[in-house]
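Here the structure is laid out as structure tokens; the discussion comes afterwards.
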Amino acid sequence: MNVVTRFAPSPTGKFHAGSYRTALFSWIYAKQNNGKFILRIEDTDKERSKKEYEENIIDSLKWLGLDYDSFYRQSERTDIYAGYIKKLIDSGHAYISDENIADSTNADKSGLRSHVIRFRNPKCKIAFDDIVRGHIEFDTTELGDFVIAKDMNEPVFHLTNVIDDHDMGITHIIRGEDHISNTPRQILLYRAIGAEIPQFAHIPLLLAKDRSKLSKRNGAIPVSDYRDRGYIREAIINYMALLGWHPADDREILSIDEVIGQFSLDRVQKGGAIFDDEKLSWFNRQYMARLSDEDFISDAKPFLPDSMNGMQDLLKRALSTIRSKVSSFAEIAGLFDNSADLSFTITVPKYNVNSLLWSKNPDKKLALKHLEFSLNAIQGIEDFTMDNIKNAIWPYAEANGKGDVLWPLRYAITGQNKSPDPFTSAYIVGKNEAIKRIKKACELLAN
């Protein structure tokens, strides 16, 4: 069998995690089987469908690397649907029903419309084997004769899905479990148009932390927001793949190729999967940590303030501190804001003499003595690394009181009560800048 899957979103909101996981599973299954993956925009809801949402879906899929082999819009297939509706009526499978149905669109003056098209329900039992759920049976009697179109040019969801899946050669429909109840109607329609019935795989819903359904109306964050916040696409793919599925060895960090290689619909769970934004952030930190220094700086650059242009060397020196504090690249800029942990790196600190004194021993002469030692030690370091800075000062600090020695040094460099240790801080600002700041502090203490 040549596997063909599809992702069929309605452009009525931005592309979010609930929809993305469905797209991801469908894409993975097609890739795994050397098949085709189709993107179909279901935009027949003229009031709610927006071009901006369609563009968001397409841009998000492109950013995530979920390439598709074919693209369709249902709004461009009206004539095709009309032809099938006519055939269903001519064959006796459907009929025009003279009735009034309340509807807000294309309504007459009374707010009601007539002449809908209904499918003639054979009132039978329907059974199918779901790849995830197993054997499922329905009795269609209770469905009655259901509506398949509002008129010849306005087919409803059930009919357009069936026609498109047939025309596009869809072999496997991977979708949320909330569509299980739609399946019996659609199977009746597949049979009526003479189509082969695809295999169904109804995957568990994504849930918010309160176990309510995650949706565009209920807390789901658009994928484009994660992109704009500086998340790594591979981290999102890795995390989303594990929502409702897990590999045989229970590993968490998996490359895209490893996910494709190990994925199996048989290992998709039946229970709902909880989407946890904190867990996604954890995955992103793991992927950020694996980047080379060069790639980290390159990926961070678009998120940095203009004031940091040309500060590549400083950023490289600050990498170890930055990596431990952020979950996304967009958070890096905040570390350099006024009063933030690393603001001292791009803003020369301002402080008074009392701030330089260790609170447990506020002696100016002693602070000056210790700071002058640190200044001389730093001036004598040729290879200016954190280890060499620490090795030059630490023995003296241990002998003379760590707080007495290290507090004035750290405050002289950073001007902050909370900041990296003095060795890290000196290394980040660089040797020349560290010397300059320590000299300024010594002058304050000497006066």
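Readers should treat all values here as calculations from the given coordinates under stated rules, not as data from a laboratory. In this text, all values refer to a predicted model and were calculated from it rather than measured experimentally. Don't worry about glycine lacking a Cβ; one is built from the backbone with ideal geometry, like all the others, and counts go over all protein chains shown.
For the range 441-446, putting each phi into the Karplus relation 6.51 cos²θ - 1.76 cosθ + 1.60 with θ = phi - 60° gives couplings of 5, 4, 4, 5, 6, 7 Hz, in residue order, rounded to whole numbers and with x for Gly and Pro. Treating only the Cβ of Lys, Arg, Asp and Glu as charged (+1, +1, -1, -1), what charge dipole size does the range 218-368 show about its Cα centre? Round to the nearest 20 debye. Once rounded to the nearest 20, the dipole reads 720 debye.
Among V268, V405, V348, sorting on how many other beta-carbon atoms sit within 10 Å of each Cβ, with the fewest leading, yields V348, V268, V405. In the range 4-207, the ratio of gyration radius to Kirkwood radius, Rg to Rh, stands at 0.97 when only Cα atoms are counted.
Between W63 and H246, the modelled labels are 3.0 nm apart [label points 7 Å from Cα along Cα→Cβ].
Each Lys and Arg adds +1 at its Cβ and each Asp and Glu adds -1 at its Cβ; summed about the Cα centre, the range 353-446 shows a dipole of about 360 debye.
Each part gets one Cα centre, and for the range 186-207 versus the range 265-304 those centres are 33 Å apart. Spherically averaged projected area of the convex hull of Cα atoms, the range 293-345: 3.3 nm². Counting neighbouring Cβ atoms within 10 Å and putting the fewest first, the residues S255, S60 line up as S255, S60. With distances taken between every two different alpha-carbon atoms, the chain has a Kirkwood hydrodynamic radius of 26.5 Å. Over the range 273-425, the reciprocal of the mean inverse Cα-Cα separation, the Kirkwood hydrodynamic radius, stands at 17.3 Å. For the chain, a crude dipole built from +1 on the beta carbon of Lys and Arg and -1 on the beta carbon of Asp and Glu, taken about the Cα centre, is about 1260 debye to the nearest 20. Computed from phi, the 3J(HN,Hα) profile of the range 226-241 under the Karplus parametrisation 6.51, -1.76, 1.60 (θ = phi - 60°) reads 5, 4, 5, 8, x, 7, 8, 4, 5, 5, 5, 4, 4, 5, 5, 5 Hz, with x in place of Gly and Pro.
Taking the range 231-249 and a reference point 7 angstrom along Cα→Cβ of D295, the backbone N atoms nearer than 20 Å belong to 231-241. Estimated at 0.36 nm per residue, the fully extended path between L319 and T141 surpasses their Cα-Cα distance by 57.5 nm.
One decimal place: the segment R267-E398 gains 41.4 nm when fully extended, by the rule 0.36 nm per residue minus the C-alpha distance.
Divide the volume of the convex hull around the Cα atoms of the range 234-349 by the residue count and you get 113 Å³ per residue. Using a cutoff of 8 angstrom between alpha carbon atoms and counting only pairs six or more residues apart, the relative contact order for the chain works out to 12 percent. Since only A82, A208, W245 are under comparison, the one whose Cα sits farthest along the positive direction of the charge dipole of the chain, derived from C-beta charges on Lys, Arg, Asp and Glu, is A208.
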